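These notes are about the structure you will find just below.
The values are calculated or read from the model by the stated rules, or taken from the named source; none is laboratory data. All figures in this text were calculated on a predicted structure; none of them were measured in a lab. Note: ideal-geometry Cβ built from the backbone for every residue, glycine included; neighbour counts use all protein chains shown. Keep in mind that these areas ignore ligands, DNA and RNA; they rest on the heavy atoms of the full protein, side chains included. Shrake-Rupley method; radii C 1.70, N 1.55, O 1.52, S 1.80 Å.
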Amino acid sequence: QVQLVESGGGLVQAGGSLRLSCAASGRTLSIYAMGWFRQAPGKEREFVSAITWSGGRTYYADSVKGRFTISRDVKNTVYLQMNSLKLEDTAVYYCSRSDDVGPLVGSRTYEYWGQGTQVTVSS
């Protein structure tokens, strides 16, 4: 059974940092890529970042480039290091997994999703 377990959300002041983690289990040899999306109240879910599993190629939304860094380790965990956080980064962050090739900025590419973790940036 495929599972994605997220951790690391919380409350932080603007300009601060947080690191999100997402541990993948179940058929992990099939992973093509993993990504992070976020959804703020009243807004649609949006792409944040993604990483391909074998090549480690990374992708970022323009709004987080230079501030967020995605990485993975050999234990099938993906991380999102978030620095210089802004008020507009406040959202529920979702980890996602794709076992098939597809456009990584699109949510439809991902078959599996985590439960979400709240990130709140305060002034």
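Output ³J(HN,Hα) for the range 22-28: one whole-Hz value per residue in order, computed from phi by the Karplus curve 6.51 cos²θ - 1.76 cosθ + 1.60 with θ = phi - 60°, and x for Gly and Pro.
Values per residue, Gly and Pro as x: 9, 9, 9, 9, x, 6, 5 Hz.
Using the per-residue mean of other Cβ atoms lying within 10 Å as a proxy for protection, in what order, highest first, do the peptides 1-7, 38-44 fall?
1-7, 38-44
With a 1.4 Å probe and all protein chains left in place, how much of the accessible area of the chain comes from carbon and sulfur atoms, in whole percent?
Ligands and nucleic acids excluded, carbon and sulfur reach 48 percent.
Suppose R0 equals 30 Å. What FRET efficiency, 1/(1 + (r/R0)^6) with r the Cβ-Cβ distance, do residue 14 and residue 44 give to the nearest 0.05?
Computed FRET efficiency for residue 14 and residue 44: 0.80.
Checking the cross-link filter: which lysines have an alpha carbon closer than 25 Å to that of residue 86, excluding same-chain neighbours under 8 positions apart?
Output for residue 86: 43, 65.
Taking the Cα centre of the range 72-123 as origin, work out the dipole magnitude from +1 charges on Lys and Arg Cβ and -1 charges on Asp and Glu Cβ, in debye rounded to 20.
80
Which Cα, out of 14, 98, 37, lies furthest along the positive dipole direction of the chain (beta carbon charges, K/R +1, D/E -1)?
Highest projection toward the positive end goes to 14.
Accessible area of residue 87, 1.4 Å probe, to the nearest 10 Å²?
Number for this one is 90 Å².
Quick one: dipole size for the chain, taken about the Cα centre, charges +1 on Lys/Arg Cβ and -1 on Asp/Glu Cβ, in debye to the nearest 20.
Taking the Cα centre of the chain as origin, the dipole is about 160 debye.
In terms of solvent-accessible area of protein heavy atoms at a 1.4 angstrom probe, what is the ranking of 68, 47, highest value first?
Ranked list, largest accessible area first: 47, 68.
Tell me, what is the percent relative contact order of the range 13-117, built from C-alpha pairs under 8 Å that lie six or more residues apart?
34
Can you list residues whose amide H is under 5 Å from residue 67's amide H, if they're 5+ apart or on another chain and H is modeled 1.01 Å from N?
So residue 67 has HN proximity to no qualifying residue.
With charges only on Cβ, +1 for K and R and -1 for D and E, what is the dipole size of the range 41-105 about its Cα centre, in debye, rounded to 20?
Magnitude of the dipole: close to 180 debye.
Would you mind working out the accessible area per residue for the range 3-123, using a 1.4 Å probe, and quoting it in Å²?
51
Just to be sure I understand: of the beta bridges DSSP finds with both ends in the chain, what percent are antiparallel, rounded to 5?
Percentage antiparallel, nearest 5: 90.
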